[in-house]
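The values are calculated or read from the model by the stated rules, or taken from the named source; none is laboratory data. These numbers were taken from a predicted model, which means no experiment stands behind them. Cβ: placed from backbone, ideal geometry, glycine included. Neighbour counts: every protein chain shown. With ligands, DNA and RNA removed, areas are computed over all heavy atoms of the protein, side chains included. Shrake-Rupley method; radii C 1.70, N 1.55, O 1.52, S 1.80 Å.
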Amino acid sequence: MAKKKKKEKLLFQSPKGMRDIMPNDQFYWDKVRGAINKVAEIYGFSRIDTPIVESAELFERSGKATDIVEKQMFFLKAKGGDRLVLRPEGTAPIVRAYFEHGLAKAPQPIKLFYFGPMFRYEQPQAGRFRQHYQAGFEILGGDANPVYDAEAILASYGLMEELKIKNLVVKINSLGCRQCRPLYVKKLQEYYRKRKNLICKDCRYRLAIRPLRLLDCKKEKCVELKSGAPLIVDKLCRDCREHLKEVLEYLDGVSLPYSLDPYLVRGLDYYNKTVFEFFLATEEENKPNIALGGGGRYDYLSEMIGVKRLAATGSSIGAERLIEAMKFYKPTVAKKEAEVFLIHIGKEAKKKGFVILEQLRRAGIRAMEIFGKESLRSQLRVADSKKSRLALIFGQKEVFEESIIIRDMEGGAQETVPLKKLTEEVKKRLR
Ligand code: HAM
């Protein structure tokens, strides 16, 4: 029996949880970038790019009691003692930029979008990386109108639709406001305190520090217990109830499929009122149904980072998860074929062939070659594997006569044409 060759361990590999985006995947990334730009333009969002590195305090203030801020930030050792981190998310930096650039002076609200890498020190697993990309849509300023929550949802939904992702569902909840949420949290804590012995160790910690996350535990015994817990939707104040109702009415108006999920809480601390996440309605076999994206209203975030109150809402989508879903619906993509393949025979032909290739490329023709191989047969084989439409055969005789043979790779017909007319003849055949 043939022994399986052991894979050699390389001295250097990409850092844990971070990936190279290889050429075969670039098709999907290009599609994502194109769709983001298109949807942003349609919905009236302008592009903003903030630095990948920000002050640690920006995030610490915006999400003290969250895993993302408490446990998952990548700190940088910077000269001068600045406390800097690789950004774990894009929303707090956008709020910072809004005030730093005086955007409050422009007509409100301001609609901004971004696409870039985020960093979280997580345990890597399916759909969860330490470097991941997010496309985000944020609406800042103006009044805290429910219509903007609906717009933020629609922009992200539109992005996924543009990428032909089907069976999407939006789960929505409200986390209330400074008036009604503390009353609800008290009730929730009362419920869980009475059942402290029945919940997992993590949830006992959550009970004291971040009680809303009790609703998010996936452990079986905690899931069971959750069904009896008080629901925030029953405890919302009038204003928050009305706000949620209006968001849903806007979504109903455009027939967007959503489901109310009274247990939905978010991994970041800065939300009030509307929160939502996007899921695929059809579950893939053996794969956890993780959120493609999420977001919500964050009217208090600006105050948390030390500036004045700013009504704001937004959403973001994870590109890796988006691409996973795209591959589910379109698992393979035809690569762009070479249009012509230059085959050289002899040293002189190689030298002149190089110039010919450049001429064709400057005329916008996808021209390939394999200068490392010399025999006609092996070059033709490569031309065939690259699915080239035409092969250009260039040997000693052709160099001497200033001509070249054009061979149709499908039919096998070939014709000798003057070199001078090559570009024109190739274009004619490709048309
Ligand atoms: P988030 O839910 O933490 O929200 O992240 C948004 C999306 O980024 C997730 O739904 C997921 O698709 C993707 N994502 C997050 N972490 C990872 C990871 N470790 N690996 C792969 N993908 C990941 C935010 O970050 C908020 N800033 C969203 C927002 C915008 N809220 C208001 N405006």
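Among the helices (runs of 4 or more DSSP H) confined to the stretch 106-212, the ones with at least 1 residues that are open to solvent by less than 10 Å² (accessible area, probe 1.4 Å) and in contact (Cβ under 8 Å) with a residue 40 or more places away in the chain are located at 146-162, 180-193. Looking at residue 270, is it within 22 Å of residue 142 (Cβ to Cβ), within 16 Å of the ligand (Cβ to nearest atom) and outside any strand (DSSP E or B)? Yes, satisfied. Taking first residues from the stretch 391-403 that are acidic (Asp, Glu) and partners that are open to solvent by less than 10 Å² (accessible area, probe 1.4 Å), the Cβ contacts under 6 Å between residues at least 6 apart in sequence or on separate chains come to 398/404. Among the residues of the stretch 207-238, just one is of a type in the set (Asp, Glu) and under 12 Å from residue 181 (Cα atoms), namely 234. Close Cβ contacts (under 7 Å, 6 or more residues apart or on different chains) running from residues in the stretch 318-346 that are closer than 26 Å to residue 357 by Cβ and away from the ligand (no atom under 15 Å from the Cβ) to residues that are open to solvent by 80 Å² or more (accessible area, probe 1.4 Å) and not in a loop (DSSP other than H, G, I, E, B) comprise 345/396; 346/396. Taking the stretch 407-431 as the range and being surrounded by 16 or more Cβ atoms within 10 Å (Cβ to Cβ) and either among the basic types (Lys, Arg) or under 17 Å from residue 358 (Cα atoms) (or both) as the test, the residues that pass are 407, 419, 422, 423, 425, 426. Within the option set 364, 318, being under 30 Å from residue 273 (Cα atoms), open to solvent by 10 Å² or more (accessible area, probe 1.4 Å), at pLDDT 95 or above and within 35 Å of the chain's Cα centre (by Cα) holds for one residue only, 318. Could you look through the stretch 88-114, keep only residues that are touching a strand residue (DSSP E or B) at 6+ places or on another chain (Cβ under 6 Å) and more than 17 Å from residue 294 (Cβ to Cβ), and pick out the one that is farthest from the ligand (Cβ to nearest atom)? Residue satisfying both the conditions and the ranking: 103. Restricting the stretch 115-169 to residues that are within 12 Å of the ligand (Cβ to nearest atom) and of a type in the set (Val, Ile, Thr) leaves a set whose member that is nearest to residue 294 (Cα to Cα) is 153. So, residue 58, is that one of a type outside the set (S, T, N, Q) and in contact (Cβ under 8 Å) with a residue 24 or more places away in the chain or not? Here the answer is yes, as residue 58 does meet what is asked.
May I ask you to list the residues in the stretch 229-261 that are buried (at least 16 other Cβ atoms within 10 Å of the Cβ) and under 28 Å from the mean Cα position of the chain (by Cα)? The answer is 244, 247, 248, 250, 251, 256, 258, 261.
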